[in-house]
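Contents: one structure, followed by commentary.
The values are calculated or read from the model by the stated rules, or taken from the named source; none is laboratory data. As the structure is a computational prediction, the values presented were derived from the model and not from experiment. Heads up, the Cβs are rebuilt from the backbone with ideal geometry, glycines too, and the neighbour counts pull from every protein chain shown. Remember, those area values only see protein heavy atoms, side chains included, never the ligands or the DNA or RNA. Shrake-Rupley method; radii C 1.70, N 1.55, O 1.52, S 1.80 Å.
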Amino acid sequence: MKNIILITLTIVLFTACQKQTEQRYFPNSEEINTLKAGIDAYESGDWNTWRSHFADTAKIYVNSKDYISVDERVKGLQESTSVFSSYGFDREEEYTEMVLDKEKETWVYYWATHNGKLAANNKDISFPVHLAVQFIEGKIVEEHIYFDGTEMNKEMEALAAAAAAAAAAAEETISN
């Protein structure tokens with residue numbers, strides 16, 4: 001009986017003394033849900049809903065060390081999405097996680113492929129996107145967006161060159 005009591009006490013003492021580690025990585029959270037709701041709003045072009053997920057003073061970094069405001073980002077998104085007949089993220093292959101970093105800041109990381117079909121020539125364009133999004137009290141206060149826009153930029157330049165050539169040809173026809 002003594003042995004059973006000693007073994008039980010030893011197990012209880014050993015279990016109580018083990019260091020409890022705080023969970024820092026989360027596959028599900030309200031912040032992840034907020035980010036995904038923002039992505040849904042982006043995909044549907046609902047800019048008011050998209051904007052509602054950000055704090056008024058949010059800083060957005062788009063492939064840059066310099067930030068822009070939420071209003072500037074909305075304007076840029078409206079311009080860039082207007083050239084697509086359809087666009088959105090590959091939701092089957094997306095990856096999202098929330099992390100509490102060593103400073104106890106809440107960050108959500110998102111990786112996915114962005115796909116779009118250009119309205120002018122029906123060309124499909126795809127590129128990987130990574131978002132690093134900081135939340136405070138349920139609102140996005142900082143967002144870092146990284147993507148390789150080389151393919152999209154090349155297509156936009158080709159469309160602009162074709163439009164310029166067509167305009168020059170039309171002007172030549174009118175002047176003759």
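Among the aspartates and glutamates, select those whose C-alpha is under 16 Å from the C-alpha of LYS65, and discard any that sit fewer than 8 residues away in the same chain.
The reachable aspartates and glutamates, counting only those whose Cα sits under 16 Å from LYS65, are GLU142, GLU143, ASP148.
Karplus couplings for segment 84-98 from phi (6.51 cos²θ - 1.76 cosθ + 1.60, θ = phi - 60°), rounded to Hz, Gly and Pro as x?
9, 7, 7, 7, x, 9, 6, 6, 6, 10, 7, 9, 9, 8, 10
Taking the chain as a Gaussian network, Cα atoms linked when under 10 Å apart, which of GLU142, GLU151, GLU31 shows the biggest mean-square fluctuation?
Comparing GLU142, GLU151, GLU31 in the GNM, the peak value goes to GLU151.
Please find, in a Gaussian network model of the chain (springs between Cα atoms separated by less than 10 Å), the residue of ALA158, ALA37, ALA166 whose mean-square fluctuation is greatest.
Checking each option, the largest mean-square fluctuation is seen for ALA166.
On full extension of the chain, what length is gained from LYS36 through TRP111, given 0.36 nm per residue of separation minus the C-alpha to C-alpha distance?
25.8 nm
Give the shape of the chain as rounded, prolate or oblate, defined through the alpha-carbon gyration tensor: a ≥ b ≥ c are the square roots of its eigenvalues, a/c under 1.5 means rounded, and otherwise the shape is prolate if a/b is larger than b/c and oblate if not.
In terms of gyration-tensor shape, prolate.
What accessible area per residue comes out for the chain, rounded to a whole number of Å², with a 1.4 Å probe?
65
Over the chain, with every protein chain in place, what whole percent of the accessible area is carbon and sulfur at 1.4 Å, could you tell me?
In the chain, the share of accessible area belonging to carbon and sulfur is 55 percent.
Gain in length, LEU100 to TYR25, computed as 0.36 nm per residue apart minus the alpha-carbon separation, to one decimal in nm?
That works out to 26.3 nm of additional length.
For the chain, what proportion of DSSP beta bridges, expressed in % and rounded to the nearest 5, is antiparallel?
Close to 90 percent.
Where does the chain land at 222 nm, in deg cm²/dmol rounded to the nearest 500, when only DSSP H runs of n ≥ 4 count, each adding -39500 (n - 2.57), divided by all residues?
Rounded to the nearest 500, it is -14000 deg cm²/dmol.
Modelling each spin label as a point 7 Å along the Cα-to-Cβ direction, I'd like the ALA167/GLU137 distance in nm, to one decimal.
4.8
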